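One structure is given below, encoded as structure tokens.
The values are calculated or read from the model by the stated rules, or taken from the named source; none is laboratory data. This is a predicted model, so every value here is computed, not measured. When we count neighbours, we look across all protein chains shown, and the Cβ atoms used for this are built from the backbone with ideal geometry, even at glycine. For accessibility, only protein heavy atoms count, side chains too; no ligands or nucleic acids. Shrake-Rupley method; radii C 1.70, N 1.55, O 1.52, S 1.80 Å.
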Amino acid sequence: MAEDAARNRVQQHIEDLCLASIRALSGDVRLTFRSHRLHRGRTPLPLPAAHLHPDIERDTFRSFRGASDGMALRLLHSDACLHAHLRPEETTRRLVFDLLEQFRVESLVSGYPGVVANLRGRHEDFSLQFHRSGLTETHLGLLLYTVTQMVRSRLTGEPVVAETEDLIEQVRGELAATLGHELAGLRRNRNRQRAFAAHSLAIADKIAAAIDSVREEGDDDGKTRDRREVRAAFSLLLDDDDGGELARPAPVGSSEVLTDSGGGYRIFTSRYDKELAAASLVRPALLRELRLKLDEDIAGAQLNSARLSRQLEALLCQPSASGWHSGQEEGLIDGSRLSQLITSPAERRLFKTERAEPVSPAVVGFLIDCSGSMKQHARGVAVLVDVFARALERIDVDCEVLGFTTGAWNGGRALRDWRRAGRPAHPGRLNELNHLIFKDTATPWRRARLPLAALLKPDLYRESVDGEAVRWAAGRLASQPRERRILMVISDGSPADGATGLANDEQYLAQHLRQVTGHLEESGSTELYGLGLGLDLSPYYSRSKILDLTTLGGRASIGDVVSLLGGRGG
């Protein structure tokens, strides 16, 4: 698990750097990565070319930079609607057509030698992966590989990959006679997408016909080529399971029950739901012991709270006039001191300047997932929110810390009532909710010290119904008279409630969470951020970060949260 968390953080760090490059090159600040796929807002962008999707396990940072530059150029130079209109339906033709359009936009870059080098590096890495995987050892694989080399070389003016130049020479010569006219047309019409597409379609038709003949002839041993071998040769060009629209599946699916429900998300009963002060669930003596442990962890983390306050002040506060500084040597004339011109002609401090103090229009809420799997993160989370609560109070920013769990495992009394009612189909949420308040906005940090330590109580953690909790927390912030409302959700996974999943389907709560966060983000009433503990929460939150709390309250995690608030890498 630690290895997975570290890999996820590396992936996100690379994506943050690449996203900045994509936004700068394309000029579109709405772009973001969600589940490792490029989105505009909450809409996934189709980027159907396999070399735009490097793999963290085998590819270098150069490959990721080249892929990100390719994505930006696709958005900048390709009309997606026109491409979709002209795109063939048949798989082989579609794959070739998509690939040639990507090569077209990559050939249009000028004035950016670094981008050219990145694109070239990614092409070489991808080509050598294809070759070294053994796919060029088959007739079909070599044909596809040679076409990609020929087309890109003709469009960009760059040589083919040196390591495989001799390998493709014979097939290249055979194809030159067949595709020569179309290749010239591609080069000539690089700047005209529709005219270029006519030649792309012609090439796609010829390649598809050649592939069909290979299928009919069989391989070198005279055996009929199995369809799986054909797909294997295509696998590095593009996995077309979803029509080529997206190369990486989302880690969460959709709920048929929720989608087909005319009434939307359902709650079987809310009679057992509670909103509780977290401190009321812990004996006072135990709460004091837990606070001592939390204080030890905070001291051991050696975090600079004053520095964090200054960083947050720069992000959350704005100057506001609060009076005047009089007796200045420059500024506006101070009428109350004009008499000094007569009594003290040499006096120069006759001016005043406006005094401004930082004032924040923001309120910040932390919402903590208190599901069973979060027990392992409890100490790190407690340190994180405690340090932030103190830092925010220093700059007079209201802050509250909330949590969510269930009152029982596997449904509790809500499940009992459902069974007594005859187990009606698709009952919706089947558990009793506990929404917890560790610190509200009206309570200063000093008085909230003990309640915050309740985060360390192990039996507090049960199951999680995230969608309702996010809506509850956002509603609390909405009641605050502030212009800017910020909600940070800390979690290590998808919603999980056994009874609800069994009575509906596994994705019921996850899809509801996406509906809730989507509505909040579209309304703009609340700035919503996901802080994933070793996990990518981007399927649910368009602005998210992967945190590593293995080192309690680590400076890196503090910096990640600050950078997310500042809009860097979010």
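Tell me, which residue of region 517-531 that is open to solvent by 10 Å² or more (accessible area, probe 1.4 Å) and over 19 Å from Pro44 (Cβ atoms) is nearest to the chain's Cα centre (by Cα)?
Out of the qualifying residues, it is Glu527.
Only one of the numbered conditions (1) modelled with pLDDT of 90 or more; (2) open to solvent by 80 Å² or more (accessible area, probe 1.4 Å) is not met by Ala195, and that is (2).
So that you can scan it fast, the table gives a plain yes or no per residue for (1) of a type in the set (D, E, K, R); (2) under 18 Å from Ala50 (Cβ atoms):
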{"residue": "Glu101", "(1), (2)": "yes, yes"}
{"residue": "Val116", "(1), (2)": "no, no"}
{"residue": "Gly121", "(1), (2)": "no, yes"}
{"residue": "Leu142", "(1), (2)": "no, yes"}
{"residue": "Thr148", "(1), (2)": "no, yes"}
{"residue": "Glu169", "(1), (2)": "yes, no"}
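One residue alone among Leu95, Leu73 is at pLDDT 90 or above and of a type in the set (A, V, I, L, M, F, W, C), and that residue is Leu73. Condition check: under 37 Å from the mean Cα position of the chain (by Cα), within 29 Å of Ser133 (Cβ to Cβ) and at pLDDT below 90. Does Leu144 satisfy that? Yes: the conditions hold for Leu144.
Looking only at residues of region 127-158 that are β-branched (Val, Ile, Thr) and open to solvent by 30 Å² or more (accessible area, probe 1.4 Å), we find that the one that is farthest from Asp98 (Cα to Cα) is Thr138. For region 255-267, name all the residues that are surrounded by 13 or more Cβ atoms within 10 Å (Cβ to Cβ) and at pLDDT below 80. Within region 255-267, Ser261 is the sole residue that qualifies.
For region 37-68, the set of residues classified as within 29 Å of Leu82 (Cβ to Cβ), open to solvent by 40 Å² or more (accessible area, probe 1.4 Å) and outside any helix (DSSP H, G or I) consists of Arg40, Arg42, Thr43, Pro44, Pro46, His53, listed by residue number. Ser110 meets each of the listed conditions (1) assigned to a helix (DSSP H, G or I); (2) open to solvent by 10 Å² or more (accessible area, probe 1.4 Å); (3) within 28 Å of Leu179 (Cβ to Cβ); (4) among the hydroxyl-bearing types (Ser, Thr, Tyr) apart from (1). Scanning region 69-96 for residues that are touching a residue at least 24 places away in the same chain (Cβ under 8 Å), buried (at least 17 other Cβ atoms within 10 Å of the Cβ) and among the charged types (D, E, K, R) gives Asp69, Arg74, Arg93, Arg94. Inclusion of Glu275 among residues that are of a type in the set (Asp, Glu) and either at pLDDT 70 or above or under 30 Å from the mean Cα position of the chain (by Cα) (or both) is warranted. Note on region 280-292: residues that are under 21 Å from Leu402 (Cβ atoms) and either without any contact (Cβ under 8 Å) to a residue 40 or more places away in the chain or not in a helix (DSSP H, G or I) (or both) total 2.
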